[in-house]
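Derivation of every value follows stated rules applied to the coordinates shown; laboratory data play no part. All values derive from a computational prediction rather than experimental measurement. All Cβ positions, even for glycine, are placed from backbone atoms using ideal geometry, and neighbour counts span all protein chains on display.
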């Protein structure tokens with residue numbers, strides 16, 4: 001069963017051919033958000049790009065969950081710095 005803008009964990013894992021434990025581990029590390037609706041658990045479609053990124057890093061590059069967490073933290077930090085640089089450039093008129 002799917003609701004608007006969400007896919008069940010089971011359907012997602014079947015589609016991507018990953019274990020549900022992988023998705024739950026990502027959630028435990030705060031890397032993705034799982035939505036609980038009664039007995040069903042869902043992932044929002046916006047989270048699928050993140051899921052795919054973490055799948056490739058984990059399975060293709062053999063990066064463990066601690067490494068995924070560190071990479072996610074660094075990427076967020078870089079995005080914040082890029083936003084700050086853009087804001088400062090706009091203020092300077094560059």
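Quick check: Cα centre of segment 66-94 to Cα centre of segment 7-50, how many Å?
Taking the Cα centre of segment 7-50 as reference, the centre of segment 66-94 is 27 Å away.
In terms of the Cα gyration tensor, with a ≥ b ≥ c the square roots of its eigenvalues, is the chain rounded because a/c is under 1.5, prolate because a/b exceeds b/c, or oblate? Don't skip to the answer; put the middle values down first.
Numbers: a/c = 2.88, a/b = 1.75, b/c = 1.64.
It comes out prolate by the Cα gyration axes.
Relative contact order of the chain, please, whole-number percent, based on alpha carbon pairs below 8 angstrom and at least 6 residues apart.
So the answer I get is 22 percent.
Consider a paramagnetic label point 7 Å from the Cα of residue 46 along Cα→Cβ; state which residues of segment 5-33 have an amide N under 13 Å from it.
Of the residues in segment 5-33, 5-6, 33 have backbone N under 13 Å from the label point off residue 46.
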